[in-house]
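One structure coming up, written as structure tokens, with questions to follow.
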Amino acid sequence: MSGGATFKTVLIANRGEIGLRIARTCREMGIRAVAVHSSADRDTPLTRFADEAVHIGPSPAKASYLNVPALIEAALLAGAEAIHPGYGFLSEDPDFAEICAAHGLVFIGPPAEVMARLGDKAAARLIMSEAGLPVLPGGQGTADTATEAKALADRIGYPVIIKAAAGGGGRGMRVVGRPQALLRAYSEARAHAHIAFGDSRVYVEKFVEHARHVEVQVLRDRLGNAVHLGTRDCTVQRKNQKLIEETPAPRLPDESRERMTKLAVRGAHAVGYEGTGTFEFLVADDGAFHFMEINCRIQVEHPVTEMATGIDVVREQIRVAAGLPLSLGQDEVIARGTSIECRINAEDPYNDFRPTPGRIEEFVMPAGPFTRVDSYGAPGMTVAADYDSLLAKVIVWAPDRRQAMERMKRALTEVRAVGPAVRTTTPFLLEVLADSRFSSATHTTSLVDRMLESLPE
């Protein structure tokens, strides 16, 4: 693309709330949005909103949203110039990006070679270390034998964490607190990595106890312009899956915040990143932090950043993919107040967060001052068992954190997703917001586990 033009038609290779969210920005930009859908998603808000909807296969994701030939064929038949992968599914698959390019389609994301380098978590760790980002003590690459892993763990000291080199989303990690448990954890981590990612390689690094999870959203265009959009705190997690996110990260010293954001931009430059990406860090109680990984896609929690900055992250993604410069410089990124996001999942939080698919008979989401809802839900819809259980994201903004928490509590009391089998995480999210550790921002990544341990049998 040249001049000020972006694309005329974009195919959205995703579903649910993120598919609808992308389609909305496409419409605002005057871009024709083409949705794809499985048999289970034939009649959804996304398929009704999009300018065109194409059926790509039966309900299982492997036969539909992960069906690359069907996606490419749909894009070509619809006259799309670009494909937006959203998050999950094929969003961080360098092979898919290469296949798009081979068919003359623009992949809205970083170049395939950049994704390949950063998708290898062990390699990304080394690259960022060389760029000057602090990394946790650990190996320089993968631990290819149990003996090598144990020697490394003995050297850096326990506890350690074993991670899949090709992994992401917190899947398959094993925390090891003593030498006697290392060999079994190593075998389990490799087996899980092979099943989940088709790649059994793992790496070992020091495990930080009582840490917080803080990330930095970065935008960079192919001309070398880059900005950060501040910090987000994603500490409220269960099994490394985020439940609540907020910006700015509370109780983070200004010096740490400034250094973290600058280093994230430096890291983006170091790998020639393009589009939107997120640098994730572990933060200790004193503000010291270490790089963990980079997510080469739009994040589920991007709305909190949009609420605080007024910047449409998807719009910037599309502009960058079209070869245009970022529409703003760092001095134009002004974050105000506090924004909080809660993920409403179709899960039973009091039954080990077990998914609760089924028909929803009543579906009401909150509204009111400075309240945003990203959802694909509707009365009469069926939550399919084939996909992620995320139903909606409720996002609020307020001038300060205390007011934002009160606004979120009010918003969550308005949520109703009622069905014979469906349960949601809403009541548990209200418990988190009421917990003194969260309200004082003294919580760590162990908060949810500790809350669940205190529940009556």
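Every read-out reported here was derived from the displayed coordinates using simple, explicitly stated rules and does not represent laboratory data. Since the model is a prediction, treat every value here as computed from it, not as a measurement. When we count neighbours, we look across all protein chains shown, and the Cβ atoms used for this are built from the backbone with ideal geometry, even at glycine.
Which of these values of semi-axes √(5λ) of the Cα gyration tensor in Å was calculated from the structure shown: (1) 45, 27, 21; (2) 31, 27, 24; (3) 39, 27, 25?
Read-out from the structure maps to (2).
So for each of 335-343, 290-298 I average, over its residues, the number of other beta carbons within 10 Å; can you give me the resulting order with the highest mean first?
Ranking, from highest mean packing down: 290-298, 335-343.
What's the exposure ranking of Lys121, Lys393, going from fewest to most Cβ atoms within 10 Å?
With the sparsest Cβ surroundings first, the list reads Lys121, Lys393.
For a quick protection proxy, order the peptides 152-164, 272-284 by their average other-Cβ count within 10 Å, most packed first.
Descending packing order for the listed peptides: 272-284, 152-164.
Also, I was wondering about something else. Counting pairs on different chains as well as pairs 8 or more places apart, how many Lys pairs in the chain have Cα atoms under 13 Å apart?
Working: Lys121/Lys163; Lys150/Lys206; Lys163/Lys206; Lys242/Lys393.
Qualifying lysine pairs in the chain: 4.
If a/c stays under 1.5 just call it rounded; otherwise compare a/b with b/c (prolate if a/b is bigger, oblate if not). Do that for segment 198-289, with a ≥ b ≥ c from the square roots of the Cα gyration tensor eigenvalues.
Oblate, since a/c reaches 1.5 and b/c is not below a/b.
Going by how many other beta carbons lie within 10 Å of each one, how would you line up Thr413, Thr6, fewest first?
With the fewest neighbours first, Thr413, Thr6 line up as Thr413, Thr6.
Mark the label point 7 Å from the Cα of Leu455 along Cα→Cβ and return the residues of segment 243-265 whose backbone N is within less than 20 Å of it.
It comes to 243-245, nothing else.
For Arg171 and Leu126 in one chain, what is 0.36 nm times their gap in residues minus the Cα-Cα distance, to one decimal in nm? Could the numbers behind the result be given before it?
On the way: separation 45, 0.36 × 45 = 16.20 nm, distance 2.09 nm.
The span from Arg171 to Leu126 would gain 14.1 nm if fully extended.
Once amide H atoms are placed 1.01 Å from N in the peptide plane, what residues at a sequence separation of 5 or more from Asp144, or on another chain, have their amide H within under 5 Å of its amide H?
Correct list: empty.
Could you work out how far the C-alpha centroid of segment 264-317 sits from that of segment 176-220, in angstrom?
21 Å
For segment 191-197, take each phi angle, set θ = phi - 60°, evaluate the Karplus expression 6.51 cos²θ - 1.76 cosθ + 1.60, and give the result in whole Hz per residue in order, putting x for glycine and proline.
Going residue by residue, I get 5, 5, 4, 5, 5, 7, 10 Hz, with x marking Gly and Pro.
Compute the relative contact order of the chain as a whole-number percentage, counting only Cα pairs closer than 8 Å that sit 6 or more residues apart in sequence.
Computed over the chain, the figure is 14 percent.
Provide the packing ranking of 319-328, 201-210, i.e. peptides ordered by the mean count of other C-beta atoms within 10 Å per residue, highest first.
In descending order of packing, they fall as 201-210, 319-328.
Take Phe7, Phe49, Phe107 and order them by how many other Cβ atoms sit within 10 Å, fewest up front. If you can, show how the numbers build up before the last one.
Values: Phe7 22, Phe49 16, Phe107 25.
With the sparsest Cβ surroundings first, the list reads Phe49, Phe7, Phe107.
Quick one: which residues, 5 or more positions from Thr235 or on another chain, have an amide H under 5 Å from its amide H? H modelled 1.01 Å from N in the peptide plane, none for Pro or chain starts.
His213
Taking every pair of distinct Cα atoms and averaging 1/r, then inverting, what Kirkwood hydrodynamic radius in Å comes out for segment 53-161?
This gives a value of 16.7 Å.
Right, another one. How many angstrom separate the Cα center of segment 407-457 from the Cα center of segment 1-69?
32 Å
Please express the shape of segment 137-206 as an equivalent ellipsoid: the semi-axes are the square roots of 5 times the eigenvalues of the C-alpha gyration tensor, given largest first in whole angstrom.
18, 11, 11
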